[in-house]
Every structure is written in structure tokens, then in C-alpha cells.
């Protein structure tokens with residue numbers, strides 16, 4: 001397991017080097033300075049220089065058919081050159097309860113872990129480190145990213161991830177991060193190949209108030225699957241009926257810049273003075289049972305139900321909306 005870290009240099013932009021720290025371990029806090037800030041980003045204005053609308057970066061449950069927008073002129077890569085627009089921060093009851101009732105991991109701790117993953121994916125991409133990317137990226141996101149990186153590699157492109165040490169009025173930008181939205185999904189798998197089409201499910205969408213979407217496969221309503229108790233229990237056991245997925249939408253702001261040069265040394269990404277250093281990433285995990293769920297028929301509140309689960313293994317599923325939210329279902 002590898003970890004990537006930034007090292008200061010005398011240049012305004014310092015090269016990135018690998019270090020042998022354990023990625024995401026409790027002892028790796030020295031990878032980041034202690035000035036990490038968690039701030040609420042202002043939502044009053046969006047810079048006029050962006051060539052995309054606010055809806056282009058909203059969570060996919062708000063906009064399933066997101067229009068194509070101009071992101072990178074000549075490159076198809078998960079990196080908005082001018083930076084992502086500032087997004088409205090949502091507070092939703094059920095995801096907030098997950099954090100409030102978790103006695104092991106704090107919201108800050110999760111954010112710092114996401115930030116390490118975000119930097120790690122960028123730096124691993126610059127090194128064409130496919131093993132690292134496969135470990136920390138969701139399968140569909142990894143496959144698309146690997147295909148693009150293989151193309152760059154075959155063209156002898158060089159990728160650099162650099163930190164602008166004078167980005168903030170000749171000072172280094174202290175990393176800022178925030179969860180701008182979180183959603184809990186029930187009844188689907190993080191393995192997109194197992195979910196089928198969205199039309200195969202009944203959906204209960206309670207995003208606005210509860211931050212919760214429940215999917216029930218239509219096979220669960222077929223009496224033929226429950227002729228006997230054993231047949232019914234087997235059908236439920238082999239389905240994703242009980243699975244819960246936590247999805248987190250994050251915004252990061254730090255001094256990182258990504259550069260891509262062709263084999264002749266020509267720079268394919270050029271930054272203007274409008275670059276705002278903001279980027280967004282989406283993470284998900286399949287939640288794990290904390291307490292035995294002996295009964296699925298008894299009445300209990302959302303809060304009681306969600307308190308019986310904890311976070312699982314996190315994967316990055318999208319960056320700068322490259323995957324258009326990385327839908328859980330096959331196309332109709």
C-alpha cells in the first residue's frame with residue numbers, strides 16, 4: 001500500500017514525491033500540516049468565468065440527464081481547468097444522524113480521509129500507478145480512468161501534480177474541505193453490474209428532507225419467489241434488499257495544479273488567473289451492521305435503524321463530475 005505526499009521546494013511550484021507512509025493510517029497525520037481547515041463555502045455567487053451551470057455539478061439524484069458542458073478543450077480528464085463552481089451545502093437528516101451517532105469516526109476524520117484519497121488518486125495518476133487507483137477507486141471509475149491514462153502513457157504524455165506555493169497572495173493555500181451533500185441509499189449494490197436497470201426497481205425518494213432513497217427490486221413483489229418460507233428467505237438473502245450505501249459529495253480547495261505535457265514538452269493544460277483551486281469528488285461505501293438485525297418487520301424510526309450501521313470501505317466514484325455522478329444502474 002502506498003501513500004503520496006507533497007514536499008516543499010524552493011520553486012513556486014513544487015514537485016510531488018512518493019513517501020512510504022501507510023495510506024490512511026492513524027500515524028499518517030504528519031502527511032498534512034495541522035492547518036487543515038473545514039469551512040463552509042459561500043454560496044452567494046458563482047464566478048462568471050465558468051463555462052458550466054450549477055446543475056452540472058449537483059448530485060445525480062437531482063439531475064439524471066446532465067447536459068454536456070465544456071470542461072477541458074482538448075482533454076477528456078477528471079479535472080476542471082478553471083476549478084469547480086462553489087456549490088450550496090445541504091444538510092440532510094439521516095446522513096447527519098450517521099455522523100452524530102458514530103462514536104469512532106468524526107465528520108472531520110472522514111473528511112481528512114477523503115482528502116488523502118483525493119490527493120492520492122491525483123498523484124497515483126501522475127505516476128500511472130494502476131494498483132493504487134484500483135484499490136481506492138470504484139470499478140467503473142477506475143476502468144475509465146485507466147483507459148484514459150493508458151492512452152496518455154502510449155502517447156508518452158507526462159503528468160505532473162504540483163502545488164502552487166504562492167496561490168494565496170504569495171502564500172500557500174491551507175487545504176479547505178467540506179461535505180456539500182450526503183445521501184443514504186437502500187436496496188442497491190456498489191457493484192453496478194448487479195443492479196440492472198432502474199426500471200427494475202420501485203423507488204421511494206425522500207432526498208430533500210431525509211437524505212434517503214430506498215430501492216426495492218420488483219422481484220421482491222413477485223409471489224412466486226415466496227411460495228415457501230425457505231424460498232422466500234433464500235430470495236431475500238441473495239438479493240441486495242438489506243444493503244445500504246452511503247454517498248458523500250465533497251469539495252476541496254488546496255494549491256494543487258495538474259499539468260499534462262506531450263512528448264515534445266508542449267503543455268496541454270494552461271491555467272488563467274481565474275483558476276479558483278476548487279474541485280469536487282464523490283465517495284461511497286457499503287455500510288456495515290453494528291448490531292444484529294434480528295427483525296426486518298418491526299416498526300422503528302429512521303434514526304433507530306441507521307444507528308445500527310457504520311461506515312465500510314470508502315471508494316472514490318467520481319471527480320469533477322467526469323462520470324456524471326456514476327449512476328448505479330445500467331442505461332435503459
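The calculated FRET efficiency for residue 197 paired with residue 104, based on their beta-carbon distance and R0 = 56 Å, is about 0.95. Rounded to the nearest 0.05, the FRET efficiency derived from the C-beta distance between residue 259 and residue 89 at R0 = 25 Å is 0.25. Full extension of the chain between residue 139 and residue 231 yields a length gain of 29.9 nm, computed as 0.36 nm times the residue separation minus the alpha carbon distance. The alpha carbon convex hull volume per residue for the range 95-216 rounds to 171 Å³.
The slack in the chain from residue 153 to residue 302, taken as 0.36 nm per residue of separation less the alpha-carbon distance, amounts to 48.8 nm. Put a dot 7 Å past the Cα of residue 267, heading toward its Cβ, do the same for residue 75, and the two dots end up 1.1 nm apart.
Quick note: the coordinates plus some simple rules give every number you see, no bench work behind them. These numbers come from a predicted model, not from an experiment. Glycine also receives a Cβ, built like all others from the backbone with ideal geometry; neighbour counts cover every protein chain displayed.
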